[in-house]
Amino acid sequence: MELVLSLGIGVLAGSGVWLLLRPRTFQVIIGLALLSYAVNLFIFSTGGLRSGSPAILEPGEVGTIAEYADPLPQALVLTAIVIGFATTALLLVVLLAARGLTGTDHVDGRERER
Amino acid sequence: MTGWIDHLLIAPIVVPMLAGAAMILVGDRSRTVVLALGLLSTAALVVLAIVLLGLAQEPVVRIYRLGNWPALFGIVLVLDRLTALMLTLAAVLGFSAFLFAICRWHRAGAHFHPLFQFQLMGLNGAFLTGDLFNLFVFFEVMLAASYGMALHGSGVARVRAGLHYIVINLVASLLFLIGASVVYGIAGTLNMADLAARMRSVAVEDRGLLETGLGILGIAFLTKAAMWPLGFWLPPTYAAATTPAAAILSILSKVGIYAVLRVWLLLFGDEAGASAGFGGTWLLLGGLATIAFGSIAVLATQNLPRLAGASVMVSSGTLLAAIGTGQVAVTGGALFYLTSSVLAIGAFFLLIELVERGREVGADVLAVTREAFGTGEEDEESPEHEEVGVAIPGTVAILGVTFMACALLLAGLPPLSGFLAKFAILAPLLTYGDGGVPATTWALMVALILSGLASLIAMLRVGIDVFWASPAPRVPRIALLEIASVSLLLVLCAALTAGAGPAMEYMQAAARALHAPGDYLNGVLAVPTTLPGGGG
């Protein structure tokens, strides 16, 4: 499970960085989205990977700290997803405004001279 | 909780939040109500900040526990001298920028006032919070509002610069998240005080990873603080932003400095064991590079807004390098410099627009804005055929004096506080330990003096060009409130000069508390006397 997750994070982050460095605004926004997926998965993984374990241990019930899923990273991921979603939506609007005002989808607002 | 006075700690976050929310509800129905709410909120923030400044001078660090949960489990707000100082700066700058904006600029686009309030809320929250994740959340509140502020007024230049600004800050936020989660994965806590307490007990094999996480976090902070080579976004964005937006954006870079000061000194101070002083050299060298880049940019710029942006970089670099030396007295001087430079650069950003208003270039920009958002009040705002009968009109004289004050402050010349600030950084550097003054310290001193010279040359050149060589074709029409808001900031700088003794004592006490965070740790980690549910 660890190998699959870390490969997934690596591929997402790698593709994200590659797209982020491309000259088209659409590629940049997709790159940011991929990067934020990678970061969300990464945050999630810092609590340790366990399946089927409870986040809250009830008194009297069977269960030890060893098989408990840390709820904090999950809360952090939720916050990060919400914030990331909102800022990406905002960036999308700015991207469309830039396209409309400059007439090109190059990130610098003008095509490079060939 | 020991009474209502403790609840004042959360007020700098709640007041602008409620004001902003109410403004959105009122919407466009009544501009008067929106203006009144804004004035009430910004004025209340100034009063609150002054009260908190008084509270922070008591020996105990004040803690506000949300829901009265102990700091390990709940969210805490912490008030110490540094926090109170930053809150005051943000409130004063916010008040001035608000006064300036209500003269004309708030009409240049939609939702200026709610965004302004949320901007202040994010700033205040970032200064008050006691844990890394809420620092992230308030950073995002602040940045989300700043995206709106940077784009306020629209236009090609703003959208182009805003696009870069948003992308860079989103990437920095992702780095912030990676850093914070690495720290949580190793140390098991995000509370800054708890983290500092656990730094010593981190296993040797985990220490490298923890330092990597904090290093990544540092890159996110330094991007905000515009350290070279992370700060290329700053001059174009600030130059393109509308005037009041640029003034309030100029304190955003100081939030990065604040975060470095807070987190770095708390975690890597002298008591941090094996990790003490981690990254200090990088801060010093990065600061020096930023001063160099900023000074070259100051000399190379042709227009005033970019000059102001480059001055922000110089001031960021000076602060980072001064913090990087790791000396208590130098940090105290750096805090004085921070106060002086925030006020001076804020005043300069506001002044630029008043100066440019009489010139053709500035008029062009305004015309574009008005075209985009036909406000229907062009006749009032563009005195096209005004006759000028006086050789040196009063307005130009006032502008000249304020410009000169800004130049003195930015270049660090006597008699204003800019000189005292640089002196307060330079003087302790010379009495550095026993083994002589190291080379990097000499480099810092040379850089500080040369950057002052560069600022002076650039400001003189621009000043001669604007006021003497090419007199304005017409006298700019300036509202009393606009020049009053600039003067307010400059008068505060003068007050800082006159009251330099008490101010410097305050800064030194703040620096001592930052370098020996024992009180901070004890205050935050103390178990509350009444538990949740038991009233409070």
(request) Assuming a ≥ b ≥ c are the square roots of the Cα gyration tensor eigenvalues, decide whether the stretch B:184-247 counts as rounded (a/c under 1.5), prolate (otherwise, with a/b larger than b/c) or oblate. (result) prolate
(message) I need the shape label for the stretch B:92-178. Rule: rounded when a/c is under 1.5, else prolate if a/b > b/c, else oblate, with a, b, c from the alpha carbon gyration tensor.
(response) oblate
(request) Among B:ASP28, B:ASP131, B:ASP206, rank each residue by its count of other Cβ atoms within 10 Å, from fewest to most, as a rough exposure measure. (result) B:ASP28, B:ASP206, B:ASP131
(message) In Å and on Cα atoms, what radius of gyration and Dmax does chain B show?
(response) 22.8, 78
(request) Can you check what the Kirkwood hydrodynamic radius comes to for the stretch B:9-143, Cα pairs only, in Å to one decimal? (result) 15.3
(request) Determine, from the Cβ-Cβ distance of B:ALA22 and B:ALA479 and an R0 of 25 Å, the FRET efficiency 1/(1 + (r/R0)^6), rounded to the nearest 0.05. (result) 0.45
(message) Beyond 16 Å, how much of the Cα-Cα pair distribution for the stretch B:212-256 remains, as a whole percent?
(response) 40
(message) What distance in nm lies between label points placed 7 Å from Cα along the C-beta direction at B:GLN302 and B:MET445?
(response) 3.9
(message) Using alpha carbons only, how many angstrom separate the centre of the stretch B:11-36 from the centre of the stretch B:112-167?
(response) 17
(request) Could you tell me which of rounded, prolate or oblate describes the stretch A:72-114, using a ≥ b ≥ c as the square roots of the eigenvalues of the alpha-carbon gyration tensor, with rounded for a/c under 1.5 and, failing that, prolate when a/b is larger than b/c and oblate otherwise? (result) prolate
(message) Which of A:GLY52, A:GLY16, A:GLY103 ends up with the largest GNM mean-square fluctuation for chain A, with Cα atoms connected below 10 Å?
(response) A:GLY52
(message) Taking just the alpha-carbon atoms of chain A, what radius of gyration and Dmax come out, in angstrom?
(response) 19.6, 73
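Assuming 1.306 mPa s and 10 °C, estimate D for the protein assembly as shown with Stokes-Einstein, Rh taken as the Kirkwood radius over Cα pairs, in µm²/s.
62
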(message) P(r) for the stretch B:224-326, please, calculated from all Cα pair distances in 10 Å bins and given in %.
(response) 17, 45, 26, 10, 2
(message) Please list, in order along the stretch B:22-31, the HN-Hα scalar couplings obtained from phi with the Karplus expression 6.51 cos²θ - 1.76 cosθ + 1.60 (θ = phi - 60°), rounded to whole Hz, x for Gly and Pro.
(response) 4, 4, 5, 5, 5, x, 8, 5, 9, 5
(message) Quick check on the exposure proxy: order B:HIS164, B:HIS113 from fewest to most C-beta atoms within 10 angstrom.
(response) B:HIS164, B:HIS113
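Read the figures in this text as sums done on the coordinates, not as results from a lab. Computed from a predicted model, the values in this text were never measured in an experiment. Don't worry about glycine lacking a Cβ; one is built from the backbone with ideal geometry, like all the others, and counts go over all protein chains shown.
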